[in-house]
Amino acid sequence: MGKVYGYIRVSTKEQNEGRQLIAMSEAKVPPENIFTDKQSGKDFNRPSYRRLLRKLRRDDLLCIKSIDRLGRNYEEIQQQWRIITKEKGVDIFVIDMPLLDTRRGKDLVGTFLSDIVLQVLSFVAENERTNIRQRQAEGIAAAKARGVRFGRPPSPLPENFDACLDAWQSGRLTCTAAAKECGMPLSTFRYRAKGYKKAAE
């Protein structure tokens, strides 16, 4: 019997890996054998994951909470699964899907069933990622249509902005001079003047 390892991934540094750590503890994975990455699953260029691959030896066991912890791209999940199970001879246990436990049913039927379940789950994971991106895009478009602005709010205008804008528009000051009086870069002064005019209308 080889060693037991666990792999945890969260998409951002702000996300908490607590639930995955609890799952690893329940699966009896030694804390020193748990590898964690805090970045997107869109590819496999992840430092802890690569260290884990170098550690894995034949007859070891790798535990992951769900299939999308490996990644969310259908083809890459399939590829990594083959590398781990076929090339390295390591078993995989997907905690949230007990059917995906390569320690069981190593006969032809068991392997066949595992492959089918893996393909279905990989497809579902990638499809859900696509749906999330689409929902985000639709939500942003709807928010913009309601007038919601994204990004940092603009800094407050200087007190003399009105006077400088009026002096520029009436020809008493050049645009460069008006921007300088306001203590603003020329491009910023032009941009804010344009927005100010629209707001006034």
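The values are calculated or read from the model by the stated rules, or taken from the named source; none is laboratory data. Remember, it's a predicted structure, so these values are computed and weren't measured experimentally. All Cβ positions, glycine included, derive from the backbone under ideal geometry; neighbour counts span all protein chains shown.
So which residues in the range 134-183 are modelled with pLDDT of 90 or more and either of a type in the set (Lys, Arg) or under 39 Å from the mean Cα position of the chain (by Cα) (or both)?
Hits for the range 134-183 are ARG172, LYS180.
Starting from the range 185-197, keep only residues that are in the same structural domain as TRP168 (by TED's automatic domain parsing), then list their pairs with residues that are of a type in the set (Gly, Ala, Ser) whose Cβ atoms are within a distance under 6 Å, requiring at least 6 positions of separation or different chains.
Sorted first by the residue in the range 185-197, then by its partner, the pairs are LEU186/ALA179; PHE189/ALA179.
Pick from the range 25-70 the residues that are part of a helix (DSSP H, G or I), among the charged types (D, E, K, R) and out of contact with any strand residue (DSSP E or B) (no Cβ under 8 Å at 6 or more places or on another chain): which of them is modelled with the lowest pLDDT?
Filtering the range 25-70 for residues that are part of a helix (DSSP H, G or I), among the charged types (D, E, K, R) and out of contact with any strand residue (DSSP E or B) (no Cβ under 8 Å at 6 or more places or on another chain), the one modelled with the lowest pLDDT comes out as ASP68.
Scan the range 79-104 and report the pairs whose first residue is among the basic types (Lys, Arg) and whose second residue is in a strand (DSSP E or B), with Cβ atoms within less than 9 Å and a gap of 6+ or a chain change.
Once the first residue is among the basic types (Lys, Arg) and sits in the range 79-104, its partners that are in a strand (DSSP E or B) give ARG103/LEU61; ARG103/ASP91; ARG103/ILE92; ARG103/PHE93.
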